[in-house]
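Before any comments, here is the structure.
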């Protein structure tokens, strides 16, 4: 094993057998060599991308993974010179060769406003951006977006361009493409907008598709359809794909080779099988260990392995190896002083790390890491690099009274039209839901986007007004009960501090004009004398400051941060602020609405560990809303599955994951990507057709029958024959054929 020059490294990268899918030619369509993208700021030069080497091969998928802030998206945008000011490519080459018979061209040498680069953008290289709703202009119809791109890159006239646009919409699976052609982006669902983005990127048949987090924050069924769509189009057209993601389950499912980025550098390259079976860099190992493990013995692991700390800002790049401040194997005097050399590990593997011992490691042999230091109890140290140790049994619910009992809860929103804004109908977002939440448990609530999970959660905390039904709350240590749905105004105020909510988006749920002291202290002021200072006192009095400082410390933030504003914090830190804000009043019940869906895998592990610790410390009861079923299995004791406003199945977690009884639950479980490339193609994947039906006009009978493979005409679609959730001791299901169909559980 020897250190390599940059030329040798590029040669290994392009000729690696490990980095090619079986049967591929191994020809490089895109070769990035020593790319550096810098931003000149008043504080100095920010090296967002700092010497990246990357290769995309013809006809296959290369995945780029890493946490937020590692430079993945900047690398992708640099390929097409779509860098936001004051960013600029400072060094390196981006060799583009869509036709092997034509000499490669260096994209960095092209004029960013020139004809040649315009031909490459959208014509030869298509790009799917991360946020489809933000990337599509709300002022233009879906068809206008497509036709403009087609006219720019082809010789077609407007009529033919429209025909091709409709064809592309149909090809990506958009129902009724002629009607959707005239729709505006805000009239479509998130999954549908992502399909439009894919159609836009593929409308001119590019040789390379760059997909920047195209499935982030999508529910599992929509994600599965998008991945199937991309892989099917790749097989149909032979295009290459550069896929950027932080979801390692997706990587295992679609990648041929993988590049792992950290703080602007590639820290490991390998074929997907080799990377998952034998990671050769501590950062790759840490990412893989942060994934929630699937436990099959009826007990939940106590904690996830999480990477301590966060990715530093590129302007504050550590000396030596950039990962050494977070690495459990860092060697003082070496890792913090010298950059690791690029080392050939054999079979095309590259993993710059000082821990490779040339005396004991040969090509293809495992990385000889230093012994893992003893893990200190996270509660004592405040660290988040805690270990998956003692299994925590599910709480015994036998004989207990529910802390929250939801009965026949419905939430409807009026549909208003016309000049007089008259009500012409209603949307039933939540329809006749029954739920019991017991003291000390975590009840998971899962389902696709638009099924009513968030509406149900917000109605429980009374952020939304229920149309009918009851929410019976039994305070801890009390024999009395109160119906929260029947309260309002001052009568409800004492209970708002008992039932709190952690909101989904850590970036939009915090007022940017307020300090953390104001944000976290506000619920105390409103709660009054029960848990904090007397109502009406100033939020910055000494008592409030002491309580806010204590809560910041409990969630792993420094007390002095109370004087800062939200923009100074990362996504994971902001979510900790959200948690502190929810818990400052010492609630009994917390509704966590997609609390980790927008976070990286390592930050997600930190937050999940924190939520578990706080649950034990404060004896909290959670309603955990999520579309990530791997997280749900890890943290939840019981699970309720929602579809189109109704709960269709309810069971303890192991029962539901091992043997679901509703076809919708089975489809959700089958769509979860497994972080193991060896399982690729081994499971039976159930693909649900289309999106959820229109909630303003739900299907008669069983609402799932329009997408169910077991539906029987005349039975499941019969008006008035809607299945009822039969209340059983451990497993309840609302399905007319539950007793006669056989379903599969976790893969």
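Just checking, how many residues over the range 153-197 are in contact (Cβ under 8 Å) with a residue 12 or more places away in the chain, over 30 Å from the mean Cα position of the chain (by Cα) and surrounded by fewer than 15 Cβ atoms within 10 Å (Cβ to Cβ)?
The number of residues fulfilling the criteria is 2.
How about the range 422-476: which of its residues are in contact with a helix residue (DSSP H, G or I) (Cβ under 7 Å, 6 or more places away or on another chain) and assigned to a strand (DSSP E or B)?
The answer is 429, 430, 433, 442, 444, 445, 446, 469, 470, 471, 473.
For residues in the range 284-307 being modelled with pLDDT of 80 or more and outside any loop (DSSP other than H, G, I, E, B), which is nearest to residue 352 (Cα to Cα)?
284
Hey, any hits in the range 672-687 for a residue that's crowded, with 21+ Cβ neighbours inside 10 Å, outside the structural domain of residue 582 (by the TED database) and out of contact with any helix residue (DSSP H, G or I) (no Cβ under 7 Å at 6 or more places or on another chain)?
No, the range 672-687 contains no residue that is crowded, with 21+ Cβ neighbours inside 10 Å, outside the structural domain of residue 582 (by the TED database) and out of contact with any helix residue (DSSP H, G or I) (no Cβ under 7 Å at 6 or more places or on another chain).
In the set 695, 689, which member is closer than 22 Å to residue 215 by Cβ, assigned to a loop (DSSP other than H, G, I, E, B) and either touching a strand residue (DSSP E or B) at 6+ places or on another chain (Cβ under 8 Å) or without any contact (Cβ under 8 Å) to a residue 24 or more places away in the chain (or both)?
Just one listed residue meets the conditions, 689.
Does residue 226 meet the test of being within 15 Å of the chain's Cα centre (by Cα) and more than 22 Å from residue 146 (Cβ to Cβ)?
So residue 226 fails the test.
Can you name every residue in the range 207-217 that is surrounded by 23 or more Cβ atoms within 10 Å (Cβ to Cβ) and either part of a loop (DSSP other than H, G, I, E, B) or under 11 Å from the mean Cα position of the chain (by Cα) (or both)?
The answer is 214, 215.
Looking only at residues in the range 567-606 that are without any contact (Cβ under 8 Å) to a residue 60 or more places away in the chain and assigned to a helix (DSSP H, G or I), which one is nearest to residue 630 (Cα to Cα)?
Among residues in the range 567-606 that are without any contact (Cβ under 8 Å) to a residue 60 or more places away in the chain and assigned to a helix (DSSP H, G or I), the one nearest to residue 630 (Cα to Cα) is 576.
Can you confirm whether the range 575-584 contains a residue that is surrounded by fewer than 23 Cβ atoms within 10 Å (Cβ to Cβ), out of contact with any strand residue (DSSP E or B) (no Cβ under 6 Å at 6 or more places or on another chain) and under 30 Å from residue 670 (Cβ atoms)?
no
The values are calculated or read from the model by the stated rules, or taken from the named source; none is laboratory data. Keep in mind the model is a prediction, meaning the values are calculated, not measured. A quick note on method: Cβ atoms are made from the backbone with ideal geometry, for glycine too, and the neighbour counts reach across all protein chains shown.
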